[in-house]
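Here the structure comes first, spelled out in structure tokens, and everything after it is commentary.
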Amino acid sequence: MDFPIFHLDFIGDRLLIAMIAILHVLINHGLAVGLVPIVAYMELIGLKHPEWDTLAYKIMFVGFIITTTVGALTGVGIWLSASLINPYSIGSLIRVFYGAWFVEWMVFVTEVILIMIYFLTWKKRKANQKPVDELITKGRHVMIGYFLAVFSWITMAIIVAILGFMMDPGNWNNDKQFWNGFANPMYVPQLTFRTFLAYTTGGVISLCLTMFFTKKDTEIRIKAVRFLSKWIFTFLPLTLIGGYWYYTMIPQGMTDNMSVALGTQQFQSYYDSLILILCGALGAVLVIVGVAYLYPKYTPHKLAFFIPVLLMFALLGYFERVREFIRKPYVIGGYMYSNAVRVSDYPLLNKDGILKHSSFVSTKKVTEENQVKAGKNVFLIACSRCHTTGGVNSLVTKFDDMYGNSGEPWNAGAMKAYISNMHMSRYFMPPFPGNDKEMEALIAYLKDLQFNPAPAEGAQTIGITTEQEITSTSNH
């Protein structure tokens with residue numbers, strides 16, 4: 001409880017992270033990990049067939065521009081948003097994976113250097129260079145491409161260990177050693193699934209770009225379309241196998257969250273239908289790619305090839321949402337709840353209250369005079385990482401729905417009974433971390449919001465109190 005809380009009430013903290021993280025994953029998996037090995041192989045073919053080299057360069061141009069701009073910005077954005085919203089979980093992960101993260105940063109820097117060298121030196125030739133020497137130079141350039149592909153994969157391989165740890169730390173909760181955390185039960189299955197998914201997505205993107213960078217009925221289009229179709233047909237089944245293996249390793253408590261994770265609470269009853277829709281999306285990818293392979297001269301309009309790209313992006317984004325949700329109520333399985341409170345700290349906080357142990361609050365304890373204000377602080381500490389008051393996933397809306405939107409004042413006793421036991425019926429919710437007085441203060445704050453909603457511009461982007469209150473508290 002040693003950090004101020006950053007909270008955006010109009011979109012919610014978790015949605016902020018999700019938007020940045022999912023965009024980054026789409027770029028990293030689809031372009032960095034998935035696209036580069038394809039480009040490097042096409043350039044290798046280009047040693048004998050120059051038209052392949054030209055096509056590979058055009059595809060790499062798209063990958064280079066996007067990865068070095070949006071990809072780089074969202075990578076930094078993940079760190080910034082996660083550190084602002086949940087510094088406790090980031091701090092815990094850094095303590096466990098300090099060495100691994102240091103290696104990942106070194107690999108990432110190397111990856112950036114390699115992609116700059118690879119793309120920017122692609123067309124450079126020495127004057128009056130002999131054909132043999134030019135071929136040797138080009139061969140070395142291809143090797144840079146393969147090194148880039150390997151380093152891109154290593155970056156993902158290290159991060160996947162951390163993501164797997166957050167879902168299931170395995171034996172780390174008993175013996176807190178680095179290798180227990182790194183070699184968690186989820187690591188190899190998730191890495192296998194993500195690797196094949198990235199290669200499939202990279203193939204789909206390359207196929208789409210090929211349709212735009214080549215002319216109809218040309219030899220290069222026919223050969224490239226068939227090559228990329230084979231690539232997709234190779235890795236898509238492996239993706240499904242890897243995904244099933246990954247699914248079988250997910251702990252039972254997390255699979256119980258699957259219906260809500262996939263369809264949200266509003267559509268969880270449509271779980272089976274959503275599964276069929278996802279399978280249908282993969283089927284649509286196979287149909288379009290299959291037509292391209294069998295009839296490369298009579299392929300659909302090039303705009304149709306955006307469909308597989310959008311479907312693969314949707315599947316990848318949906319996977320990220322489900323993975324993030326099913327680990328609830330934890331942000332680090334069995335160690336830290338999604339409200340950033342460690343499991344081991346609950347007995348103390350249930351006794352003393354969370355306000356007493358929070359540095360940046362103006363209400364260290366609940367009184368009759370400050371009950372609503374203290375309740376606001378309790379909300380920001382205990383609830384704001386997943387909920388808002390008037391935006392996305394609003395608690396006000398939740399309680400309105402529970403009361404049938406009758407407009408009648410909510411019953412404090414019923415609210416207290418619900419909040420005390422919410423984790424029993426909604427197992428993706430962590431238990432309330434404070435004491436009884438703080439729960440009553442939270443209820444008073446929510447009841448006040450029922451008829452006096454916070455203004456739309458009231459997004460709290462400074463912390464849990466005003467700057468003046470933080471200074472006043474620090475001085476004490």
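Quick note: the coordinates plus some simple rules give every number you see, no bench work behind them. Owing to the predicted nature of the structure, the values given are computational and were not obtained by experimental measurement. Methodologically, a virtual Cβ is constructed for each residue, glycine included, from the backbone with ideal geometry; neighbour enumeration extends over all protein chains shown.
Key figures for this structure:
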item	result
Residue exposure sequence - Met424, Met186 - by fewest surrounding Cβ within 10 Å	Met424, Met186
For a label point 7 Å along the Cα-to-beta-carbon line of Lys124, residues of the range 144-162 with backbone N under 14 Å	144
Lysines with Cα under 24 Å of Lys138, excluding same-chain neighbours fewer than 8 positions away	Lys48, Lys58, Lys123, Lys124, Lys126, Lys130, Lys223
Pairwise label distance in nanometres, Ile241 with Ser359, each label 7 Å out on the Cα-Cβ vector	5.1 nm
The range 157-213: relative contact order in percent, alpha carbon pairs under 8 Å with at least 6 residues between	32 percent
Taking Phe313, Phe10 and counting other C-beta atoms within 10 Å, the order from fewest to most	Phe10, Phe313
Where labels lie 7 Å past Cα in the beta-carbon direction, separation of Leu47 and Met422 in nm	6.2 nm
Likely footprinting exposure, Arg194, Arg221, fewest C-beta neighbours within 10 Å first	Arg221, Arg194
Virtual spin-label span in nm between Glu408 and Asn452, 7 Å along Cα→Cβ	2.4 nm
Added length on full extension, which subtracts the Cα-Cα distance from 0.36 nm per residue, Asp217 to Trp179	8.3 nm
Degrees separating the helix 13-27 axis from the principal Cα axis of the chain, which is the longest one	10 degrees
In the range 365-420, the trypsin sites (Lys or Arg not before Pro) that fall in loop regions by DSSP, at most 15 other Cβ within 10 Å	Lys365
Once the Cα gyration tensor of the chain is diagonalised, semi-axes √(5λ) in Å	49, 25, 20
Rounded tilt (10° steps) of 131-167 against the dominant C-alpha axis of the chain	20 degrees
0 to 90° range, to nearest 10: angle between helix 258-267 axis and the chain longest Cα axis	60 degrees
